[in-house]
Amino acid sequence: MLELIDKVPLSEIVVIRDKLLEKQRNGEKVYRLESGTPSFNVHPKVKEAMKKAIDENKTFYTEGSGIEPLKQVIAQKLARKNNLTAKSTKNILVGQGGMGTLYMLIHSLVGLGDKILIQAPVWISIKNISMLTGAEIIELPTKKELDFNWDLNELEDTIKKEKPKAVVYVNPGNPTGGVGDKEYMHKLAGILEKYGVYLVEDVAYEDIVYPGVEYETIFYLNPELFFPSFSMSKSQAFSGLRIGYTYIENEKILTRARKLLLYTTNGVNSVAQWGATEALKAEYDDYTREMVKEYQKRRDILYSALTSIPFFKMAGPPRGAFYLFPEIDEEKYREVMERKGVKVEPDANLGVHLQRYLLEHNIGSIPGHNFGSPHNFIRFAYSIATEYIEEAAEKIKEVLG
Ligand SMILES: Cc1ncc(COP(=O)(O)O)c(C=O)c1O
């Protein structure tokens, strides 16, 4: 286990964030496009629910897998939004954010001697959590021209050859903003069922899907084999409150997950759970929809700015999440930088070079290789307030134009 921990890298993303925070502390104006932190506040009535929980001394140990009122509200939400009628609230587990939920799920499915198939590029925690299980990781690249989804023939061939025990699919995607639509996901489900492969469906961005895409979560198609990982960080702007949840029908996996939950968190913060019990009610769905409308505005502002930069090869506005993941055209990039008198070494990692250049101008970004993509990609998050996105868009045009 220690060897596995030693092998897992600490995130380069944190180093970049720390540099921006340092600039901010020094009184400089910075544009935090490196981080996917929602700018919205939790709903005022959800805050009230948490204050009330404190006043009523709901601060004691809770059931290890989550308080019953929260699980009931989750069951209603699963029926309302995820096409699933829960067998029992016993099949619902509340984890420490999406991160804790993914850790619990992935560790319940694979271990040493198994193989696990993941997307590349992908939110790097998926890879690192998988590494900690000791399983062998198969990174199957997604295709930019397929909205950063897999070519399903290639997926099937890889499954036949590698025989992975589990697949993790993040949809909508981070860092790409790509979305697997309903038709695609049903085909994916068919392949996994054919070969009896488990699926962890990371749907942290399930609500952040822009108009024109037919999207649905698919774990309901086979809850013995497919397991969702939900997070309230984005949909309910709960990032610091750390609530995630899953639904597991498979008894063997459920028992393992319950043990992992018990011996890691032993129940998530009680006050946050009472807040979540309020926030997941149907009456707050509109609040989420309002946030998504605002994300769409931000996407369009930033997308339009990046499109005006000659060296970005844009794939079309992303269909989900709140990230833009443009490809950098090497020749044009070198031309622009040469014109500006900025040296680019012949073997430069272009994502890193551009990220450093932007950082000098107080704009945050993350080089694509951090997510397992080729070196000529870069990620921009547009989760900061719209007014800052507007300013950042102008600044990018000024600095890179
Ligand atoms: C793809 C993806 N999954 C899961 C998470 C987990 O979020 P949290 O642990 O804040 O709930 C994130 C957070 O950024 C994410 O990008």
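Here, each number is a calculation from the coordinates, and none is a lab measurement. Everything numeric here is computed off the predicted structure, so don't read it as measured data. Cβ sites come from the backbone with ideal geometry, for glycine too, and all protein chains shown count toward neighbours.
List of remarks:
- Cβ-defined net charge surrounding LYS87, 14 Å radius [Lys, Arg +1; Asp, Glu -1]: -1
- Percent of Cα pairs in region 48-133 per distance bin of 10 Å, from zero to the largest separation: 14, 32, 32, 18, 4.
- Tilt relative to the chain, helix 44-55 - C-alpha long axis, 0 to 90 degrees, to 10: 50
- Region 1-46-region 67-132 distance, computed between alpha-carbon centres (Å): 23
- Extending 7 Å from the Cα toward the beta-carbon at both LYS252 and ASP286 defines two label points whose distance is 4.7 nm.
- Label-point separation in nm, GLU330 to ASP300, each point 7 Å along Cα→Cβ: 3.7
- Separation of alpha-carbon centers, region 281-333 and region 218-240, rounded to whole Å: 22
- Relative contact order for region 60-282: 29 percent, from Cα pairs under 8 Å spaced at least 6 residues apart, divided by residue count.
- Ranked by the mean number of other Cβ atoms within 10 Å of their residues, highest first, the peptides 134-145, 150-161 fall in the order 134-145, 150-161.
- Within the chain, antiparallel bridges make up roughly 45 percent of the DSSP beta bridges whose residues both belong there.
- Shape call, region 170-315: gyration tensor on alpha carbons, a/c limit 1.5: oblate
- Taking 0.36 nm per residue of separation and subtracting the Cα-Cα distance, full extension of the segment from GLU390 to LEU112 would add 95.3 nm.
- Unit Cα scatterers, Debye sum, region 232-291: log10 I(q)/I(0) for q = 0.16 Å⁻¹: -0.63
- Inverting the pair-averaged 1/r between distinct Cα atoms of region 263-401 gives 17.1 Å as its Kirkwood hydrodynamic radius.
- Label positions at ASP347 and LYS7, each projected 7 Å from the Cα along the C-beta direction, are separated by 2.6 nm.
- The chain, helix-only ellipticity at 222 nm - DSSP H runs n ≥ 4, -39,500 (n - 2.57), divided by all residues, nearest 500: -14000 deg cm²/dmol
- Once the Kirkwood radius over Cα pairs is known for region 60-282, the Stokes-Einstein relation at 25 °C and 0.890 mPa s delivers a diffusion coefficient of 141 µm²/s.
- Extension gain, TYR195 to LEU262: 0.36 nm times the residue separation minus the Cα-Cα distance gives 21.0 nm.
- Descending semi-axes in Å of the chain, equivalent ellipsoid built from Cα gyration tensor: 34, 26, 20
- Highest average packing first - 229-240, 82-93, 163-174, 203-214, Cβ atoms within 10 Å: 163-174, 229-240, 203-214, 82-93
- Crossing angle, helix 12-25 versus the chain [Cα axis fit, 0-90 degrees, rounded to tens]: 70
- Once backbone amide H atoms are built at 1.01 Å from N, ASN149 has LYS143 as its partners under 5 Å, excluding neighbours fewer than 5 places away on the same chain.
- Cβ-Cβ FRET estimate between LYS19 and ILE54, R0 fixed at 25 Å, reported to 0.05: 0.10
- Taken over the alpha carbons of region 1-87 as equal point scatterers, the Debye sum produces base-10 log I(q)/I(0) values at 0.16, 0.19 Å⁻¹ of -1.01, -0.97.
- Peptides 114-122, 303-311 ordered by average Cβ neighbours within 10 Å, highest first: 114-122, 303-311
- With N counted as the residues of region 129-253, its alpha-carbon radius of gyration over 2.2 N^0.38 Å works out to 1.06.
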